[in-house]
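Written out below as structure tokens is the structure these notes cover.
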Amino acid sequence: MNLLQVRDLETHFISRDIDNRVRIAHALNGITFDVEEGEILGIVGETGAGKSLTAQSVVGLLRPPARIVGGQVRFEGRDLLTMSEDDLNAIRGNDIAMVVQNPRTSLDPLSRIGDQLIRIRRAHSESSEAEARSRAVEMMTAVGIPDPELRLSAWPHELSGGMAQRVLIAMALMNEPKLLIADEPTTGLDVTVQAQILELLRDLVTRMNMGAIIITHDLGVVANFCDRMAVMFAGGIVETGTVGDVFENPAHPYTSNLVDATPERLKIGRKAVFGGAPPDLYNLPDGCHHRDRCRFAREECSTPPPLREVGLKHVARCHFAGELPETAQ
Amino acid sequence: MPSETTSMALREVTAEPEFSLWQRIIGLTRRSPTAAVGLGIILFFGMLALMAQYLMPHEPELVYAERVLHPPSSEHLFGTDGNGMDIFSRVIYGARFGFGIAIPAVVLALVIGIPVGLWTGYRGGMVDEALMRFFDGLRVFPSIILALAVVAATGQSLINVVIVLGVLDSPVFARVVRSEVLALRSSVFVESAIAAGNPTWRILFIHLLPNAIQGAMAQTAVRAAWAVRISATLAFLGIGIQAPTPEWGAMIRQGAEFMISGQWWVALFPGVALILLVLGLNMFGDGMQEILNPRSRAEK
Amino acid sequence: MTAEQTSPVLDVRGLVKHFPTGKRDQVVHAVNGVNFSIRPGETLGMVGESGSGKSTIGRTVLRLTEPTAGKIAFQGQEIAEMPMAACRPLRADMQMVFQDPWSALNPRMKVRDLIAEPLLLHTKMTRGERRDRTDELAGRVHLSTDFLTRYPSDLSGGQLQRVCIARAIATNPKLIILDEPTSSLDISVRAGILELLAEIKQQTEAAVLFISHDLGTVRLISDRIVVLYLGKIVEYADADAVFEDAAHPYTQSLMSAHLPANPKAEIRRHVLEGEVPSPIDMPSGCAFHTRCPVAIEDCRRTEPQLEAAGNNTHQAACLRILDGKNRID
């Protein structure tokens, strides 16, 4: 059974403009994906595509004016969206843990690392102070923090960026989560530290048989550390598949452009036909949202594209998925 | 915990269309009636000042020797004062002094304060320290006493009152501009301007000034209110403008003597006018600060 | 070095930059004795992690910060100790593009005035001539002239970076410093900017210093690459040689931490232990010895100098090259 099932998730930003008229931004429109145990799903996309919002919608951490207006989020078969706040709190930080970008701002600056780890353990289980402490040491060892006993009494400001990110991962692991959601876990870290953190995450997922979601804008992270990937564009997932399939045979024109624009594939002088502003979320075009940027756009594209299967568990939301002419070489 | 990412996401999708300043003012006065009322009052007095000669039923300094201290009547709506002058006309004419002192004083304060704030904020160092301490000194000293002393020493003319108020108020603007410049001077666009080869004067006036002036502009109405108040106080104390000039402060001073003997109207009407104008300026000033300060706008 | 006829546009010798920390007797050793030169038409890539001093070098070369010691010869003229006022006319010939295009442009100036500013400052062009030149520059950076009458807030990140580039090439400078010009841009936009930079590189004879932490893009644009670690050059070689035949152990691990956007890439990952040491407390001897897997006792004491490694244009600063034990696999 799938650990996490997200179906047709829709999130809107509902605000009022200067003349008090209601304005609606269709920030997520119909997100569908699964996460299984022991796999890492990479969600990639550019700024404003809705990656972080997807994570926040899944774990119910949205704040007004963002609001979920439709869809389902099932975790082990239970719908998180209709659950009471208390039940949700029992799952969040326990069965589902989150690691966010900006490790420094996510730690409480006024308490010691150890106290924060112990607190999160005891918030969700009956364990004693001593038990929680030994668990904290265990987890700090697991994330590769040297001298864990000593570091328990460190303050957040004493940690480097990479160390703080490790502490956050340790914190996320305190309650043996079944699902780990990491939102840009290595953005802003140096490449050598990034490699350390991602190796660690991957290793932990395998060892603990967790499911994980890594949200990133970096295709390199996905290519090297994820099993499956979902590509987001303008609040929707345009393509899902195994990392190998998607990189090898991108079925959606957006994915294909994205892959071609990476430094590894970019050929200077070939004039990448890519870019252009993403569609206005307040005023989405009918039909395919990628239409205005797509060089293959035809008449059919003014009707909403279906989800087409192009391979085993490899789907793309495009009228012509799998039938596109080879990208110009 | 997720506040930062949420607000990031928010910024990404709610890129608002740009509004002109005028549209913003209209939009915000709609939300903030205070500012609208303030603006209304200011415009009302502005109209009085501009059109005084058409609105006044009598000459403001014309003496009706036979009608000294007449109570309000249909001929003299606000009554007459101790010299037999028409208070209604004098109150109208007084608006000219209110604006005539406040506007040049604030302009002078801006002209002095902004360059000082730009320079000290950009250069920093000893000069900045010394100047800021000097300004601190000025601020702890009661401004009314300082103004009194300076006007008394330099000669009692309208011009001197304006100069003294302008100079005394310039530290307020210097400070606001300086703190903006302090935040801006290490920003990338300033560095980029230096890298492009801009001389210092261009860095200050072309690059920093337009980005640092909003805070100062938001203060102008409130500082104008201060100038109106202090100039009226000076006149009330008999410094600067003397009776029988139709200035509200001077009129209140004259009227105060008659308060005890029951001729309340002499002081009341200029007093109400003064309070209204100061109130209007302050209300509008608060509204302006709300409009121009992005932080308070975001909280709306 | 090589027997090229052309004299370098920029020649930096023994450049040192220390920043005060606020505590007495304590400084940040940002740049510690760096030598390099760039000839006309050459693009030098400068790679390093945070704290490597790469941005400081760029800014010091342009005298945006004062060097602590060392010589900076620009077109044969010594500028390190020149008074600031005397530097200003030179700025026509040395320009810079900054990392974050959103904050690098005065928000209160129109795009046209921003692009024309260097012309206004350094040429005797009339208003009309500047207008024509601005239109031409907009064309060269593929920016629609419609944007010239707009303010920066109306433009997207990619468009803003095009404005910055137009501004930087307005006066046909002899030296262009690109400080992470694509790091804050989305993938789709980045491809277009790289394309543009490559185009401009072909059109001009300017020397280009390309500073970046992104190894993939550096390789695309650069002819030669210097690798920095804690404010020192550890390796200096042709771009491909750095990727394929890195001699310094740090460069090797940096390359192995690089995540190419290709799931099939075979990477032998040498994950480095620990993190970059603080530039306040510089390690003795070779700055990399605290993390180096092949360090020996001598590395702790002796500071290695750049020496030939492989062919004569390839240089690295590692003691272990002598005994051939500099490989970390």
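The values are calculated or read from the model by the stated rules, or taken from the named source; none is laboratory data. None of these values were measured; they are calculated from a predicted model. Reconstructed Cβ throughout: ideal geometry from the backbone, glycine too, with neighbour counts over all protein chains shown. To get the accessible areas, we keep the full protein, side chains included, count just its heavy atoms, and leave off ligands, DNA and RNA. Shrake-Rupley method; radii C 1.70, N 1.55, O 1.52, S 1.80 Å.
A:Gly50 fails exactly one of the following numbered conditions: (1) in contact with a His (Cβ under 9 Å, 6 or more places away or on another chain); (2) closer than 27 Å to A:Tyr282 by Cβ. What is the number of that condition?
Among (1) in contact with a His (Cβ under 9 Å, 6 or more places away or on another chain); (2) closer than 27 Å to A:Tyr282 by Cβ, A:Gly50 violates only (1).
Would you point out which residue out of A:Ile215, A:Ile197 is of a type in the set (Val, Ile, Thr), touching a helix residue (DSSP H, G or I) at 6+ places or on another chain (Cβ under 6 Å) and over 20 Å from A:Ser160 (Cβ atoms)? I'd like the intermediate steps shown before the answer.
Numbers: A:Ile197 fails: over 20 Å from A:Ser160 (Cβ atoms).
Going through A:Ile215, A:Ile197 in turn, the sole match is A:Ile215.
Do the conditions hold for B:Leu274, that is, is it more than 23 Å from B:Val181 (Cα to Cα), at pLDDT 90 or above, assigned to a helix (DSSP H, G or I) and open to solvent by less than 40 Å² (accessible area, probe 1.4 Å)?
yes
For the stretch A:117-130, what are the residues that are more than 14 Å from every other protein chain (Cβ to nearest Cβ) and either touching a Gly at 6+ places or on another chain (Cβ under 7 Å) or charged (D, E, K, R) (or both)?
Answer for the stretch A:117-130, where residues must be more than 14 Å from every other protein chain (Cβ to nearest Cβ) and either touching a Gly at 6+ places or on another chain (Cβ under 7 Å) or charged (D, E, K, R) (or both): A:Arg121, A:Arg122, A:His124, A:Glu126, A:Glu129.
Sort out which residues of the stretch C:82-137 are open to solvent by 30 Å² or more (accessible area, probe 1.4 Å) and either among the polar types (S, T, N, Q) or in contact (Cβ under 8 Å) with a residue 40 or more places away in the chain (or both), and write them in order of number.
C:Asp93, C:Gln99, C:Asp100, C:Trp102, C:Ser103, C:Pro107, C:Arg108, C:Lys110, C:His122, C:Thr123, C:Thr126 - these are the residues of the stretch C:82-137 that are open to solvent by 30 Å² or more (accessible area, probe 1.4 Å) and either among the polar types (S, T, N, Q) or in contact (Cβ under 8 Å) with a residue 40 or more places away in the chain (or both).
Would you say B:Phe236 is under 19 Å from B:Ile275 (Cα atoms) and either within 10 Å of chain C (Cβ to nearest Cβ) or free of Cβ contacts under 8 Å to residues at least 40 places away in the same chain (or both)? Talk me through it step by step, then tell me what you get.
Working: under 19 Å from B:Ile275 (Cα atoms): yes; either within 10 Å of chain C (Cβ to nearest Cβ) or free of Cβ contacts under 8 Å to residues at least 40 places away in the same chain (or both): yes.
So B:Phe236 passes the test.
Can you list the helices (runs of 4 or more DSSP H) lying wholly within the stretch C:61-178 that have 3 or more residues being more than 10 Å from chain B (Cβ to nearest Cβ) and more than 21 Å from the chain's Cα centre (by Cα)?
Correct list: C:111-122, C:127-140.
Out of all the residues in the stretch A:117-134, which are more than 23 Å from C:Gly274 (Cα to Cα) and either hydroxyl-bearing (Ser, Thr, Tyr) or open to solvent by less than 90 Å² (accessible area, probe 1.4 Å) (or both)?
Within the stretch A:117-134, A:Ile118, A:Ile120, A:Arg121, A:Ala123, A:His124, A:Ser125, A:Ser127, A:Ser128, A:Glu129, A:Ala130, A:Ala132, A:Ser134 qualify.
Please state which one of C:Leu178, C:Leu209, C:Leu160 is closer than 24 Å to C:Ala308 by Cα, crowded, with 24+ Cβ neighbours inside 10 Å, in contact (Cβ under 8 Å) with a residue 24 or more places away in the chain and not polar (S, T, N, Q).
C:Leu209
Consider the stretch C:296-326. How many of its residues are touching a residue at least 40 places away in the same chain (Cβ under 8 Å) and surrounded by 13 or more Cβ atoms within 10 Å (Cβ to Cβ)?
12
What number of residues within the stretch B:72-104 are in contact with a helix residue (DSSP H, G or I) (Cβ under 6 Å, 6 or more places away or on another chain) and open to solvent by 60 Å² or more (accessible area, probe 1.4 Å)?
So the answer is 3.
Among A:Pro285, A:Pro263, A:Pro278, A:Pro250, which is the only one that is more than 11 Å from every other protein chain (Cβ to nearest Cβ) and either under 22 Å from C:Leu155 (Cα atoms) or modelled with pLDDT under 85 (or both)? Show your work before the answer.
Details: A:Pro263 fails: more than 11 Å from every other protein chain (Cβ to nearest Cβ); A:Pro278 fails: more than 11 Å from every other protein chain (Cβ to nearest Cβ); A:Pro250 fails: either under 22 Å from C:Leu155 (Cα atoms) or modelled with pLDDT under 85 (or both).
Exactly one of A:Pro285, A:Pro263, A:Pro278, A:Pro250 is more than 11 Å from every other protein chain (Cβ to nearest Cβ) and either under 22 Å from C:Leu155 (Cα atoms) or modelled with pLDDT under 85 (or both), namely A:Pro285.
Go through the stretch C:41-53 residue by residue and tally those that are touching an Asp or Glu at 6+ places or on another chain (Cβ under 8 Å), open to solvent by 10 Å² or more (accessible area, probe 1.4 Å) and not acidic (Asp, Glu).
Within the stretch C:41-53, residues that are touching an Asp or Glu at 6+ places or on another chain (Cβ under 8 Å), open to solvent by 10 Å² or more (accessible area, probe 1.4 Å) and not acidic (Asp, Glu) number 2.
Test B:Ile213 against the criterion of being touching a Ser or Thr at 6+ places or on another chain (Cβ under 7 Å) and not hydroxyl-bearing (Ser, Thr, Tyr), and give yes or no.
Against the criterion (touching a Ser or Thr at 6+ places or on another chain (Cβ under 7 Å) and not hydroxyl-bearing (Ser, Thr, Tyr)), B:Ile213 does not qualify.
Among the residues of the stretch B:50-69, is there at least one that is without any contact (Cβ under 8 Å) to a residue 24 or more places away in the chain and within 22 Å of B:Ile275 (Cα to Cα)?
yes
Might you check whether a residue that is in contact with a strand residue (DSSP E or B) (Cβ under 8 Å, 6 or more places away or on another chain), over 26 Å from C:Leu220 (Cα atoms) and crowded, with 22+ Cβ neighbours inside 10 Å occurs anywhere in the stretch C:13-24?
Checked the stretch C:13-24: at least one residue is in contact with a strand residue (DSSP E or B) (Cβ under 8 Å, 6 or more places away or on another chain), over 26 Å from C:Leu220 (Cα atoms) and crowded, with 22+ Cβ neighbours inside 10 Å.
Got at least one residue in the stretch B:218-232 being in contact with a Gly (Cβ under 9 Å, 6 or more places away or on another chain) and closer than 28 Å to C:Gln99 by Cα?
No, every residue in the stretch B:218-232 fails to be in contact with a Gly (Cβ under 9 Å, 6 or more places away or on another chain) and closer than 28 Å to C:Gln99 by Cα.
The rows are residues; the columns are (1) more than 12 Å from chain A (Cβ to nearest Cβ); (2) assigned to a loop (DSSP other than H, G, I, E, B).
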{"site": "C:Leu220", "(1), (2)": "no, no"}
{"site": "C:Val242", "(1), (2)": "yes, no"}
{"site": "C:Pro263", "(1), (2)": "no, yes"}
{"site": "C:Leu272", "(1), (2)": "no, yes"}
{"site": "C:Glu275", "(1), (2)": "no, yes"}
{"site": "C:Arg300", "(1), (2)": "yes, no"}
{"site": "C:Pro304", "(1), (2)": "yes, yes"}
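Does any residue of the stretch A:178-187 turn out to be more than 8 Å from chain C (Cβ to nearest Cβ) and over 22 Å from A:Leu3 (Cβ atoms)?
So far as the stretch A:178-187 goes, yes, one or more of its residues are more than 8 Å from chain C (Cβ to nearest Cβ) and over 22 Å from A:Leu3 (Cβ atoms).
Would you confirm, using the coordinates I've provided, whether B:Val107 is more than 14 Å from chain C (Cβ to nearest Cβ) and crowded, with 17+ Cβ neighbours inside 10 Å?
Considered against the rule, which asks whether it is more than 14 Å from chain C (Cβ to nearest Cβ) and crowded, with 17+ Cβ neighbours inside 10 Å, B:Val107 comes out as no.
Those residues that are part of a helix (DSSP H, G or I), small (Gly, Ala, Ser) and buried (at least 22 other Cβ atoms within 10 Å of the Cβ), I need them from the stretch B:167-196; list them, please. So that I can check it myself, show each step before the final result.
First, the residues of the stretch B:167-196 that are part of a helix (DSSP H, G or I): B:167-184, B:188-195.
Filter once more, so that each one left must be small (Gly, Ala, Ser): B:170, B:174, B:179, B:183, B:192-193, B:195.
Scanning the stretch B:167-196 gives B:Ser170, B:Ala174, B:Ser192, B:Ala193, B:Ala195.
Pairs only if they're at least six apart or on different chains, beta carbon under 6 angstrom, first in the stretch A:154-176 and within 11 Å of chain C (Cβ to nearest Cβ) and part of a helix (DSSP H, G or I), second open to solvent by less than 30 Å² (accessible area, probe 1.4 Å) and among the aromatic types (Phe, Trp, Tyr); list them, first residue then second.
As it stands, the answer is none, since no pair meets every condition given.
Mind telling me which of the residues C:Glu195, C:Glu297 ends up being at pLDDT 85 or above, farther than 24 Å from C:Thr43 by Cβ and more than 14 Å from the chain's Cα centre (by Cα)? Walk me through how you get there before you give the answer.
Working: C:Glu195 fails: farther than 24 Å from C:Thr43 by Cβ.
One residue alone meets the criteria, C:Glu297.
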